[in-house]
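Asker: Here's a structure for you.
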Amino acid sequence: MLTDAGVRAAKPKERAYKLTDGGGLVLFVAPTGSKLWRMRYTFGGKEKLLSFGPYPQVSLAQARDERDGAKKLLRAGKDPAVEKKINHANVGDESGTFEAIAREWHARNVPIWTEQHAGNVIDSLAAYVFPALGKLPINEITAPMVLRVLREIEARPAIETARRVRQRVSAVFVYAIALGIGENDPAAIVRGAMAPMVKGRQPAVTDLAEAREVLARVEAIPAHPTTKLANRLLALTVVRPGELRAARWVEFEGLDGPEPLWRVPAERMKMKREHLVPLSHQAVAVLATVRPLTGRCPLVFPSTRHAHHPMSENAIGYLLNRAGYHSRHVPHGWRATFSSVMNEHHRADRHVIDLMLAHAPQDKTEAAYNRALHMVRRRELAQAWADILLEGAAELSEVVEGRRR
């Protein structure tokens with residue numbers, strides 16, 4: 001063990017040498033007389049070197065504190081060198097930081113993106129990436145730093161979100177390289193180290209009794225009422241989750257009349273065609289219940305943190321997960337539920353059911369057939385679906401007054 005007196009008395013020699021303290025801490029004495037605190041450690045099967053600063057600016061006690069902190073990080077599975085870069089990066093000039101360049105890249109692309117996609121992109125970076133990497137100079141960000149951020153997203157679990165975030169982070173690095181600022185794209189390197197994405201159909205319950213149970217369990221757990229109401233409206237209208245999250249009050253017509261309608265703009269639709277959604281009286285009731293909660297906002301389901309942003313793309317999914325449906329039923333799964341149940345009950349209406357789901361026509365014959373809107377039959381089927389799905393369901397007042405998380 002070193003002492004203050006021993007460190008102070010250490011003299012330079014013809015060759016550099018080390019004085020060893022406990023726990024891997026050493027004092028490196030150079031021939032010039034300079035003294036530097038260092039620590040050797042192993043991470044990921046590789047030996048690495050960490051510097052704590054020169055003596056006497058960093059005392060023996062301070063060096064030991066730094067060593068203990070590094071060992072704590074190692075026990076937590078973190079690389080002390082990476083953490084040091086993140087926590088002590090020089091941010092005096094923020095023009096070259098990841099966040100500054102990412103926001104510039106985002107602003108350049110906003111004109112060619114839909115409003116919803118542009119919001120999703122910047123929200124995901126702000127939520128997942130900027131807290132860890134935003135203040136770092138872009139060329140100080142390494143592949144292990146990026147991978148750690150992505151694995152935290154995967155652990156939520158949100159594997160698909162992690163992959164989208166990786167693509168966006170990679171695009172920022174490529175943009176920086178094109179500007180002559182960036183040197184490499186560490187987000188491209190980590191692609192092969194991410195959790196595999198199992199492709200296939202979205203998990204969904206396809207039995208009517210099970211669908212009713214999903215609603216009952218979701219609406220019984222503690223959660224924000226707007227999230228529960230969003231899930232119920234999604235189940236009733238069977239639009240894609242992104243179309244629901246970005247819904248605006250101005251898109252709804254005739255809610256007090258006999259033929260209420262939701263007109264989803266073409267720019268939010270997968271097929272880039274306006275989609276008309278006839279509303280059951282139960283769907284209208286959900287909207288009437290939501291209005292006192294969010295009616296002052298342009299969005300029907302705004303973020304609880306930022307009223308001008310849509311609800312998080314993961315909000316309904318997390319709600320279903322907490323109700324016990326992880327890998328069994330996802331928000332997009334309501335479309336499969338509707339299709340399975342209604343095609344079984346109304347076999348002659350296959351084309352109309354597909355039209356209600358805004359599916360792309362399979363051939364030219366179907367395309368011609370689907371030019372007709374069939375609004376009368378679509379309205380009848382929407383009401384029939386709502387009637388059978390919500391049989392025995394909780395009253396909306398119970399959903400709103402239930403425990404919040």
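Asker: Please verify whether region 69-78 includes one or more residues that are farther than 27 Å from Arg148 by Cα, out of contact with any Cys (no Cβ under 7 Å at 6 or more places or on another chain) and not aromatic (Phe, Trp, Tyr).
Answerer: Here is the first cut: in region 69-78, the residues farther than 27 Å from Arg148 by Cα are none.
Taking every residue of region 69-78 in turn, none turns out to be farther than 27 Å from Arg148 by Cα, out of contact with any Cys (no Cβ under 7 Å at 6 or more places or on another chain) and not aromatic (Phe, Trp, Tyr).
Asker: Considering region 322-333 alone, what residues qualify as being among the aromatic types (Phe, Trp, Tyr) and either modelled with pLDDT of 95 or more or surrounded by fewer than 15 Cβ atoms within 10 Å (Cβ to Cβ) (or both)? Working first, answer last.
Answerer: Going through region 322-333, the residues among the aromatic types (Phe, Trp, Tyr) turn out to be 325.
Hits for region 322-333: nothing passes.
Asker: Quick check on this structure: which one of Ala230, Ala223, Ala187 is outside any helix (DSSP H, G or I) and under 21 Å from the mean Cα position of the chain (by Cα)?
Answerer: Ala223
Asker: Right, here's the next one. Here are some residues: Ala336, Ala315. Which one is modelled with pLDDT of 90 or more, out of contact with any strand residue (DSSP E or B) (no Cβ under 8 Å at 6 or more places or on another chain) and either crowded, with 21+ Cβ neighbours inside 10 Å or under 23 Å from Trp249 (Cα atoms) (or both)? Give the steps one after another, and end with the answer.
Answerer: On the way: Ala336 fails: either crowded, with 21+ Cβ neighbours inside 10 Å or under 23 Å from Trp249 (Cα atoms) (or both).
Just one listed residue meets the conditions, Ala315.
Asker: Is at least one residue of region 282-299 buried (at least 19 other Cβ atoms within 10 Å of the Cβ), closer than 17 Å to Asn120 by Cβ and not aromatic (Phe, Trp, Tyr)?
Answerer: Scanning region 282-299 turns up no residue that is buried (at least 19 other Cβ atoms within 10 Å of the Cβ), closer than 17 Å to Asn120 by Cβ and not aromatic (Phe, Trp, Tyr).
Asker: Identify the residue in region 359-405 that is in contact with a Phe, Trp or Tyr (Cβ under 9 Å, 6 or more places away or on another chain) and modelled with pLDDT of 85 or more and, among all such residues, is surrounded by the most Cβ atoms within 10 Å (Cβ to Cβ). Steps first, please.
Answerer: If we filter region 359-405 for residues that are in contact with a Phe, Trp or Tyr (Cβ under 9 Å, 6 or more places away or on another chain), which is where we start, we get 361, 385, 389.
Okay, now just the ones that are also modelled with pLDDT of 85 or more, so 385, 389.
Values: Trp385: 25, Leu389: 23.
Taking the candidates together, the pick is Trp385.
Asker: Can you name the number of the only condition in (1) on the phi < 0 side of the Ramachandran plot; (2) modelled with pLDDT under 90 that Ser59 fails?
Answerer: All conditions are met except number (2).
Asker: Looking at region 5-45, which of its residues are more than 50 Å from the chain's Cα centre (by Cα) and in contact (Cβ under 8 Å) with a residue 24 or more places away in the chain?
Answerer: If the condition is that a residue be more than 50 Å from the chain's Cα centre (by Cα) and in contact (Cβ under 8 Å) with a residue 24 or more places away in the chain, then Val7, Arg8, Ala10 are the ones that fit.
Asker: Looking at region 33-48, which of the residues that are surrounded by fewer than 12 Cβ atoms within 10 Å (Cβ to Cβ) and at pLDDT below 85 is nearest to Arg75 (Cα to Cα)? Reasoning before the result, please.
Answerer: First pass over region 33-48, keeping only residues surrounded by fewer than 12 Cβ atoms within 10 Å (Cβ to Cβ): 33, 42, 44-47.
Now narrow it down to the ones that are at pLDDT below 85: 44-47.
On the way: Gly44: 12, Gly45: 14, Lys46: 16, Glu47: 16 Å.
The selected residue is Gly44.
Asker: Sticking with this structure for a sec: What tally of residues in region 193-220 results from selecting those that are within 30 Å of Thr142 (Cβ to Cβ) and either surrounded by 14 or more Cβ atoms within 10 Å (Cβ to Cβ) or at pLDDT 90 or above (or both)? Can you show your working first?
Answerer: Just the residues of region 193-220 that are within 30 Å of Thr142 (Cβ to Cβ), to begin with: 193-199.
Going one step further and asking which of them are either surrounded by 14 or more Cβ atoms within 10 Å (Cβ to Cβ) or at pLDDT 90 or above (or both), we end up with 193-195.
Total meeting the criteria: 3.
Asker: Scan region 252-266 and tell me whether some residue there is out of contact with any Phe, Trp or Tyr (no Cβ under 6 Å at 6 or more places or on another chain), touching a residue at least 12 places away in the same chain (Cβ under 8 Å) and in a helix (DSSP H, G or I).
Answerer: Restricting attention to region 252-266, the residues satisfying the condition of being out of contact with any Phe, Trp or Tyr (no Cβ under 6 Å at 6 or more places or on another chain) are 253-261, 263-266.
Next, from what is left, pick out any that are touching a residue at least 12 places away in the same chain (Cβ under 8 Å): 255, 259-261, 263-265.
Subset that is in a helix (DSSP H, G or I): none.
No, the conditions are met nowhere in region 252-266.
Asker: If only one of Ile177, Ile181 is at pLDDT below 95, outside the structural domain of Arg322 (by TED's automatic domain parsing) and either assigned to a loop (DSSP other than H, G, I, E, B) or farther than 14 Å from Glu104 by Cβ (or both), which one is it? It would help to see each step written out before you state the result.
Answerer: On the way: Ile177 fails: either assigned to a loop (DSSP other than H, G, I, E, B) or farther than 14 Å from Glu104 by Cβ (or both).
Ile181 is the lone residue from the list that is at pLDDT below 95, outside the structural domain of Arg322 (by TED's automatic domain parsing) and either assigned to a loop (DSSP other than H, G, I, E, B) or farther than 14 Å from Glu104 by Cβ (or both).
Asker: Of Ala188, Ala126, Ala132, Ala118, which residue is surrounded by fewer than 18 Cβ atoms within 10 Å (Cβ to Cβ), touching a helix residue (DSSP H, G or I) at 6+ places or on another chain (Cβ under 7 Å), free of Cβ contacts under 8 Å to residues at least 40 places away in the same chain and under 30 Å from Ala307 (Cβ atoms)?
Answerer: On the way: Ala188 fails: under 30 Å from Ala307 (Cβ atoms); Ala126 fails: touching a helix residue (DSSP H, G or I) at 6+ places or on another chain (Cβ under 7 Å); Ala132 fails: free of Cβ contacts under 8 Å to residues at least 40 places away in the same chain.
When all the criteria are applied, what remains is Ala118.
The values are calculated or read from the model by the stated rules, or taken from the named source; none is laboratory data. The model shown is predicted, which means the values in this text are computed figures rather than measured ones. For neighbour counting, all protein chains shown are included, and Cβ atoms are generated from backbone atoms with ideal geometry for every residue, glycine included.
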